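A short write-up of the structure that comes next.
The values are calculated or read from the model by the stated rules, or taken from the named source; none is laboratory data. Being a predicted model, the structure only gives us computed values, none of them experimental. Cβ placement follows ideal geometry from the backbone for every residue including glycine, while neighbour counts extend to all protein chains displayed. In case anyone asks, the SASA skips ligands and DNA or RNA and just uses the protein heavy atoms, side chains included. Shrake-Rupley method; radii C 1.70, N 1.55, O 1.52, S 1.80 Å.
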Amino acid sequence: MTIKIGIALFDDAEELDFAGPWEVFTMASNIRPGAHEVMLVAETDAPIRCAKGMRVLPDVTFANCPKLDVILIPGGQGTRREVENKPLLEWIAKTAKDCQWVTSVCTGALLLTAAGPARGKRVTTHWAFVETLRARKEAAEVLEDVRYVRDGNVVTAAGVSAGIDMALWLTGQLHTPDFARQVQRAMEYDPAPPYSAAV
């Protein structure tokens, strides 16, 4: 059975927040054809201008998006505006009810708590946004210095590159850890930060 994964997009979304998980989920389908159907979902079909200027086209809109098994909400500066976007919050709340997994990267956790799926749960976000999210008092706890946090079927990842880690872990949950390791190897994903020896 093909797992349907929807990645929500909005202007000023952080590119790697969604492109990293997109690579993980689509690489899985390269290894195992039909494993995933991954789609970009937005309020309208207009081009999205992301945080660093990349422009992308949604595959489907909130109105014609099929039933999803997984949703992923990226972060970026746009989340500060989108937290007031009722159509987006309503779509997240409605869609999440039928999803096996509800996920976010970076400040996407802001939208998950505001929309409801992560309210009252343990979450994480980008280190620079931890105190801001805590101040909203929507999450039970906002953890720091972790790559991702699972609370029930809600999984939130810290900033930017942490979304890749979360997506690989989730692939292990959707399939098997061994399959997720195959995906990791196919991506040549074995982080070795270039300045770690400078401390």
Considering only residues that are over 21 Å from C99 (Cβ atoms) and part of a helix (DSSP H, G or I), look in region 158-182 and name the one that is least open to solvent (accessible area, probe 1.4 Å).
P177
So which residues in region 97-121 are under 19 Å from T44 (Cβ atoms) and open to solvent by 10 Å² or more (accessible area, probe 1.4 Å)?
A115
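From K67, K52, K4, K94, which residue is part of a helix (DSSP H, G or I), of a type in the set (K, R) and open to solvent by 10 Å² or more (accessible area, probe 1.4 Å)?
Working: K67 fails: part of a helix (DSSP H, G or I); K52 fails: part of a helix (DSSP H, G or I); K4 fails: part of a helix (DSSP H, G or I).
So the residue among K67, K52, K4, K94 that is part of a helix (DSSP H, G or I), of a type in the set (K, R) and open to solvent by 10 Å² or more (accessible area, probe 1.4 Å) is K94.
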Could you tell me which residue of region 126-142 is least open to solvent (accessible area, probe 1.4 Å), considering only residues that are outside any helix (DSSP H, G or I) and within 13 Å of C106 (Cα to Cα)?
V142
Residue under evaluation D45, criteria (1) surrounded by 17 or more Cβ atoms within 10 Å (Cβ to Cβ); (2) assigned to a loop (DSSP other than H, G, I, E, B); (3) not hydroxyl-bearing (S, T, Y), criterion not met:
(1)
Among (1) at negative phi; (2) in contact (Cβ under 8 Å) with a residue 40 or more places away in the chain; (3) within 17 Å of the chain's Cα centre (by Cα), which single condition is D12 missing?
(1)
Which condition number does V155 fail, the rest of (1) assigned to a helix (DSSP H, G or I); (2) crowded, with 18+ Cβ neighbours inside 10 Å being met?
(1)
